[in-house]
Amino acid sequence: MLTHELTIQDQQGRVDKVLAEAFPDLTRSHIQSLIKRDRILVNGEKIKNKYQVKTGDQIEVQDSDTQPTELEPEDIPLDIVYEDDDVIVVNKPQGMVVHPAAGHPNHTLVNALLFHSPLATINGEFRPGIVHRIDKDTSGLLMVAKNDKAQQSLSAQLKAKTNTRLYIALVHGNIKEDNGKIDAPIGRSPKDRKKQAIVADGRPAVTHFKVLKRYGEYTLIQCKLETGRTHQIRVHLKYIGHPVAGDPLYGPRKTLKGNGQFLHASVLGFKQPTTNKYLEFEAPLPAIFQKTLKWLDTQTEHG
C-alpha cells in the first residue's frame, strides 16, 4: 500500500485541497473517496471532507489504488557530487523521476539512492531522504538526507530560505530587463489538473531572474528560488510571456528540441547538518543544453 505522509507547515484550507496541491498524482475526487473510506487519517484520527488543516497536523494517506507496494533498491548509476555521513548531493539526469508515485513505481532516483546508501525515514516510506524535488525532465543538483537529523536540518533550512538554489533556463523571446522578480501565487490549474497555474488562492511563490545572454529569439537566464512550489520556474516564466524552451507542458508547440525543458539546477548551497559549515556545489549544463547554446551562438553570429 502506498502511503503519502504530510506534516502541515504553512498550508491552509480544506484537507482535500491541501493534499491535492501537495501530491499532484492524487486528484481531489480520489482524495475525497479515500476520506470516505477512512483511508486518510489526521493525527491518527478519521476525518470529514471539510476538515480544515492546522499547523503541525500529521496527515497519512493510505492509497491502495496506486503502485508500488514497496520500494526496491535498484543498481542505477548515480552522479554523486558530494557525500558525507549526513548528506548526498546528486546531479540528477533529465528523464529521471525523483521518487515513486502513480505511473512511476520504480527506476526513480530514490530506488537508485537506496541501493547506494540508507536514507532518512521521517518523510514516509516512498520519499525517504527527499528534502526537495526537481521535475522529471529538469536536470541538476538535489540534496538528499541520509538520516532523520539531517532531514530535519535540511528541511528547516529550506523553510527558512537560508540555502542557495540557482537554476539556468533557456527561455523563448528576448527579455528586455537585465533582471527581475516574479511574485505570483501558484496552485493547481482549474482547467488541467496535470498543470500548475497562477491562481488567486494559490500558495505564495517568488522567483528572481537575471539575464546571462540574449540570442535574439531566446534568452539564457539564471533563476533564484525564494519558494519551491511545484513547477514554479516553468509556471512563472510562462506567466511573464517567456516559457522555458523545450517545455512540453507550459511551452509553445514550436520550440527547441531537447530532452524536455531546458532547465538545470546548477548551484546548490546549504549548511552541513552536523558541522553547520556552509557547503556549495555547482553542476555543469547537460550535453544537450551546451550543444543547443553553441548552435544558438552560430545562429546569432550569422543572423
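All of the numbers you see were taken from the coordinates with simple rules; none came from a lab. Being a predicted model, the structure only gives us computed values, none of them experimental. Cβ atoms come from the backbone with ideal geometry, glycine included; neighbour counts cover every protein chain shown.
Take the Cα gyration tensor of region 94-135, multiply each eigenvalue by 5, square-root it, and list the three semi-axes largest first, rounded to whole angstrom. Write down the numbers at each step before the final one.
Numbers: eigenvalues 48, 25, 20 Å².
That gives 15, 11, 10 Å for the three semi-axes.
Filter 146/291; 149/181; 159/191; 159/195 down to the pairs with a C-alpha to C-alpha distance above 27 Å, please.
In this structure, 146/291; 149/181; 159/191 lie more than 27 Å apart at Cα.
Starting from the Cα of residue 254, draw a straight line to each of the aspartates and glutamates and keep only those under 16 Å, dropping any in the same chain fewer than 8 residues away.
Correct list for residue 254: 217.
How large, in Å, is the chain by the Kirkwood hydrodynamic radius built from its alpha-carbon pairs?
So the Kirkwood estimate lands at 20.3 Å.
Which log10 I(q)/I(0) values, to two decimals, does region 4-49 give at q = 0.21, 0.28, 0.29, 0.30 Å⁻¹ under the Debye formula with one point per Cα?
The calculated log intensity ratios at q = 0.21, 0.28, 0.29, 0.30 Å⁻¹ are -0.67, -1.21, -1.28, -1.35.
Would you mind putting 17-27, 195-205 in packing order, based on average other-beta-carbon counts within 10 Å, highest first?
On the way: 17-27: 18.6, 195-205: 16.5.
With the highest mean Cβ count within 10 Å placed first, the list reads 17-27, 195-205.
So who's got an amide H within less than 5 Å of the one on residue 101, skipping anything under 5 residues away but keeping other chains? H placed 1.01 Å off N, in plane.
none
Give, rounded to the nearest 20 debye, the magnitude of the charge dipole that region 89-210 has about its Cα centre when Lys and Arg contribute +1 at Cβ and Asp and Glu contribute -1 at Cβ. Write out the running numbers ahead of the final one.
Numbers: 18 positive and 9 negative charges, 25 e Å.
Once rounded to the nearest 20, the dipole reads 120 debye.
Could you tell me which of rounded, prolate or oblate describes region 206-266, using a ≥ b ≥ c as the square roots of the eigenvalues of the alpha-carbon gyration tensor, with rounded for a/c under 1.5 and, failing that, prolate when a/b is larger than b/c and oblate otherwise? Write down the numbers at each step before the final one.
Details: a/c = 1.65, a/b = 1.23, b/c = 1.35.
Since a/c reaches 1.5 but b/c is at least a/b, the shape of region 206-266 is classed as oblate.
Using a 10 angstrom cutoff on alpha carbons, build the Gaussian network for the chain and name the most mobile of 37, 229, 165.
Checking each option, the largest mean-square fluctuation is seen for 37.
Which aspartates and glutamates have a Cα lying under 12 Å from the Cα of residue 136, excluding residues fewer than 8 positions away in the same chain?
Within the straight-line limit of under 12 Å, residue 136 reaches these aspartates and glutamates: 247.
Taking square-rooted eigenvalues a ≥ b ≥ c of the alpha carbon gyration tensor, is region 24-106 rounded, prolate or oblate, where a/c under 1.5 means rounded and, failing that, a/b exceeding b/c means prolate?
Taking the square roots of the gyration eigenvalues as a ≥ b ≥ c, region 24-106 is prolate.
For region 153-246, what class follows from the C-alpha gyration tensor (a ≥ b ≥ c being the square roots of its eigenvalues): rounded when a/c is under 1.5, otherwise prolate if a/b is larger than b/c, else oblate?
Numbers: a/c = 2.17, a/b = 1.22, b/c = 1.78.
Oblate, because a/c is 1.5 or more while a/b does not exceed b/c.
Name the residue farthest towards the positive end of the dipole of region 253-303 from the options 264, 284, 274, assuming +1 on Cβ of Lys and Arg, -1 on Cβ of Asp and Glu, about the Cα centre.
264
Extension gain residue 287-residue 76, at 0.36 nm per residue separation less the Cα-Cα distance, in nm?
Additional length available on full extension: 74.0 nm.
Treating the beta-carbon of each Lys and Arg as +1 and of each Asp and Glu as -1, no other charges, what is the dipole magnitude of the chain about its Cα centre, to the nearest 20 debye?
Roughly 1280 debye for the chain.
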